[in-house]
Structure formats: structure tokens, C-alpha cells
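Okay, so here's the structure we're looking at.
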Amino acid sequence: MSPRLLSAALLATAACASAVPRSPAPATASDAERATALGHEQRAGELERVLSALSVEEKPPDCPRVCELVDQICDLSQRICLISGRHAEDADLGARCAAAELRCRRSRDRIPPSCSCQPH
Amino acid sequence: MKAACVWLVAGALAGCGGRAARWVEEAADAHAQADLLVRRGERQQASRVLEELVSRPVPAQVAAQDRRAVLQDAYARLAGLALEERRPSQALRYADAGLGLGETRDVFASSLRTLRGRAHEALGQDAEAARDYEAAQIVAEALLQEALSGGGAR
């Protein structure tokens, strides 16, 4: 079952669970009936939590946004390293360049496989 | 970013009506007018339109974060236009004015830091430029993290 179908099924189940009128338990309700009602409520709560988690996991990445940010990060890395190249004796700029390149590589490594960012 | 930002804020304020919404609409109009002037090659005139926008009083009803977003967006555009006009000192002043409104981890800070870095670099102030680029990069990396975790606030 796909996650989307599973979500729909869970949603339907949760909706049913919460749609059941919660009339006060009759005074004569047995311990077993009360335990069953409590179990239903707990299950509905669990299903809601599962659904929330699924909806977060299901959200696809915003590829244009991701690609744009990775481009920016790597463009800034190039700018920093060009400056560093003009001041080869400056250790501080050298360290900034190394850190900037690391951020660029790290960002590229984080591009989800579903996003095909074009290198610039 | 420019018009998108303004329209986003405009959308948020649409239900409020009144002076706040009118101010945001005026900001959107100023950007549209500047677009037209830039297309005609009249960058200085476009800058004047945006300068008028940032010097206009902001109605008290406008939320602080909306005020900052709209004004920083306009200052970033002014700084970009000044750089295109080869006026880095002016670009630096605009970027400083924008950053002076407050700096949070968002596209406005990243954009203004990048523009300030470019202005510093054009003025031969390489160390300052590198620091601004680095600050912009750190913000962009945080925005990437948000985009990857499903947030993606612009």
C-alpha cells in the first residue's frame, strides 16, 4: 500500500473513530465496555499522530528553491575564495575560503535525489 | 524576490484593509514602476521611485516584520541598482540602511549581506567583503536546511 493510500485509510479510520458519538457511558457499563471505549480513543489518538508524521514525510522538497539556495551558497564560496586568492598571505581569509568551500560541498551533498539541480 | 515579497505581505494584509494594506499596495506599485523604468534603462529614475518608498512614513498598523520585509526588499533593490550604476559607496549606504532595520535568518539578510559584500569588494575592502559573503552564506545554508525539512520560509 502506498503511503498516500495508507494515509487515506488512516484518515478514514481516524475520522470514523472520532465521529462515533461520545455519549456518556451508561451507569451500567461494564469494566470491559469502558476498557474498549478507552482503547478506541487511544487508537484514534495514535492514528492522528501517525497521520501527522506521514504528512510531514510526504511533503516533497521544493526543488527550485533547494537548487537556488545551493547555487547561492556555492557562488558565495567562489566569491570568498577569489578574495582569498588575492591575499594568499592572509591566513584568516584562507580559513574562510576553506570553510566556505566546505559549506558549498555539504550543500551539494544534501540535494535530494529527486531534485536535478543544474551545476552553474 | 521583490514583488513576490510585497505581494505576500499584501496578501496577508488584504483582509485588514485600511492604511496598512494601502501602504503595501503602494510598495507593490513602486516596484512595478521601478521594473518598467529599469526595462527602459532608466535606473536612476527607478532608484528615485524606490527611495521615495523607503522614505515614506510607515503606518503604525503595519506589523514590524512586514515593515522590515518590505523596506529591506526595497533597500536591497536600491543597493543592486547602485551597484549596476557603479556607485558602490551608495550601494553600501543602502545595504547598511537595510541591515540596520534588523537582521534575522531570512532571505532579506542574506541578500543585503551579499550586496554589501559586493559593494565592499568594489571599494577594495576585501576583508569586509569576505565577512559579509560568509554571513550571507551561513544564512543561505540555514534557509537550505529549512527548505529540506519542509519549511522553506522565504
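Only one of the numbered conditions (1) surrounded by fewer than 19 Cβ atoms within 10 Å (Cβ to Cβ); (2) away from every other protein chain (no Cβ under 12 Å); (3) assigned to a helix (DSSP H, G or I) is not met by B:Thr104, and that is (3). Screening B:Arg105, B:Arg116 for residues that are of a type in the set (Lys, Arg) and at pLDDT 95 or above leaves exactly one candidate, B:Arg116. Comparison of A:Glu89, A:Glu46 shows that the only residue that is modelled with pLDDT of 95 or more and either within 30 Å of B:Ala130 (Cβ to Cβ) or away from chain B (no Cβ under 12 Å) (or both) is A:Glu89.
Scanning the range A:62-120 for residues that are of a type in the set (Asp, Glu), under 30 Å from the mean Cα position of the chain (by Cα) and loosely packed, with under 13 Cβ neighbours inside 10 Å yields one hit, A:Asp109. Within the range B:141-148, the presence of at least one residue that is surrounded by fewer than 17 Cβ atoms within 10 Å (Cβ to Cβ) and within 17 Å of A:Ser77 (Cα to Cα) is confirmed. Residue count for the range A:55-86 satisfying the condition of being more than 8 Å from chain B (Cβ to nearest Cβ), within 21 Å of B:Ala109 (Cβ to Cβ) and of a type in the set (D, E, K, R): 3. Restricting attention to the range B:110-152, the residues being hydroxyl-bearing (Ser, Thr, Tyr) and farther than 15 Å from A:Asp71 by Cβ number 1.
Check off (1) facing chain A (nearest Cβ under 9 Å); (2) surrounded by fewer than 20 Cβ atoms within 10 Å (Cβ to Cβ); (3) touching a Pro at 6+ places or on another chain (Cβ under 9 Å) for B:Arg118 and give me the number that stays unchecked. Condition not satisfied by B:Arg118: (2).
The values are calculated or read from the model by the stated rules, or taken from the named source; none is laboratory data. In this text, all values refer to a predicted model and were calculated from it rather than measured experimentally. Cβ coordinates were reconstructed from backbone atoms using ideal geometry, including for glycine residues, and neighbour counts include every protein chain displayed.
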